[in-house]
Every structure is written in structure tokens, then in C-alpha cells.
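Chemist: Before we start, here is the structure in question, set down as C-alpha cells.
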Amino acid sequence: MEESLKLYTEIERVGFGKRLGSSVLDFIISLLPGIILGIYAGAAIAAFLLDFFYDEAQLKTFQAGFSGDIATTIIGFVASLAGIVFTSLFFYILEGFTGQTPGKMILGITVANMNGEKASIDKLLLRALIKITGSFVGIIGFIIFVGCFLVLGEKKQALHDIICKTAIFNKSDIG
């Protein structure tokens with residue numbers, strides 16, 4: 001009897017508070033590895049690019065003069081980009097295959113289909129791709145941010161959830 005009642009009871013979706021908490025945790029968790037990887041990868045890539053495009057005499061000129069600032073800028077830019085790419089890829093793969101980021105795991109929430117059933121990997125990968133891509137594309141990123149945190153609405157879905165027909169639930173509620 002209890003089982004039949006459970007079938008007709010809608011599972012409660014997670015709203016603003018836990019989703020924001022998850023995002024904050026993900027940001028904090030990704031910061032240190034992103035910075036460390038960014039520094040090492042950025043320095044290696046920048047050194048390779050400088051070596052590839054300039055001969056030894058030009059590099060000595062770079063190091064001796066004002067142009068050294070250009071090399072530092074390149075290293076900083078590539079380091080930042082490498083850190084962002086790494087953390088984005090990590091979160092894309094993790095959330096795409098498991099429905100959870102580290103922040104979601106800590107808070108015990110997960111992505112599932114709108115009815116609370118486990119979502120397919122292709123749906124999770126598409127959702128993660130839309131979420132991450134939108135974050136990098138100017139106005140779309142802003143719309144996704146607003147969609148994530150301000151316009152969850154009565155159905156408690158962000159823009160990428162609406163597009164992919166997913167929602168966030170407490171993991172303990174998902175079968």
C-alpha cells in the first residue's frame with residue numbers, strides 16, 4: 001500500500017538555497033586545483049609558445065627589455081585559461097556522468113529527470129555542456145546565471161534544466 005502511495009507522490013525538487021550552496025562549494029573546491037594547474041600549465045604552454053615563435057636572440061631581447069612584460073602577460077593569460085579549462089572540463093565530465101559536482105555531493109543533491117528518475121548520461125552531458133558553455137558566452141552566461149539563481153520559479157528549474165527537462169533533487173529521494 002505504501003509503495004502505491006509513493007508512486008503518486010511527487011518528489012520535492014531542490015530550490016535556491018542548496019543550489020547556491022552547491023555552486024559556492026564548487027567554486028571554492030575548484031579554486032585551488034585550478035590555480036595550481038593554471039600556473040604550471042600556463043608556464044609550460046607559454047614557454048613552448050615563446051620558444052616556438054621566437055629564436056634565442058629574440059628571447060634574450062624579451063628578457064632584457066620592456067617586452068618582458070608581454071611574456072609575463074602571455075604566461076598569466078595562458079595560466080588563467082588553462083585553470084578555467086581544466087576545472088570546466090572536470091566539472092563537465094563529473095556532472096555529465098554522475099549528475100553531481102563535488103558541491104552537490106557534499107550537500108546530497110543530484111540532477112535527475114523532471115519526474116525524479118535517474119537521468120541518462122546523454123541528457124546529463126547536454127545539461128552540463130549548456131551550463132558550462134553558457135557561463136563563457138557573455139550575455140548567455142548572464143541569462144544562465146539569472147536562470148540558475150533568480151528565476152527558479154515554482155518548478156525550481158534553471159534555464160539549462162528547462163531545456164534538458166531535468167531538475168535537482170535530494171539524492172536520498174532518487175531511486
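Laboratory data are not the source of any read-out in this text; all were calculated from the coordinates shown. Everything numeric in this text was worked out from a predicted model, so none of it was measured. Cβ placement follows ideal geometry from the backbone for every residue including glycine, while neighbour counts extend to all protein chains displayed.
Chemist: Sequence-distant or interchain residues sharing an amide H contact under 5 Å with A119, placed H: which?
Modeler: N113
Chemist: Additional query: So who's got an amide H within less than 5 Å of the one on I109, skipping anything under 5 residues away but keeping other chains? H placed 1.01 Å off N, in plane.
Modeler: Under 5 Å from the amide H of I109: K171.
Chemist: Turning to a different aspect of this structure: Could you compute the FRET efficiency for L89 and D51, with r as their C-beta to C-beta distance and R0 at 25 Å, rounded to 0.05?
Modeler: 0.45
Chemist: So, one more: If we count every other residue with Cβ under 9 angstrom of I168's Cβ, Lys/Arg +1 and Asp/Glu -1, where does the sum land?
Modeler: Surrounding charge for I168 is +4.
Chemist: Something else now. Which residues' amide hydrogens lie under 5 Å from the amide hydrogen of V14, considering only partners 5 or more residues apart or on another chain, with H built in the peptide plane?
Modeler: I168, F169, N170
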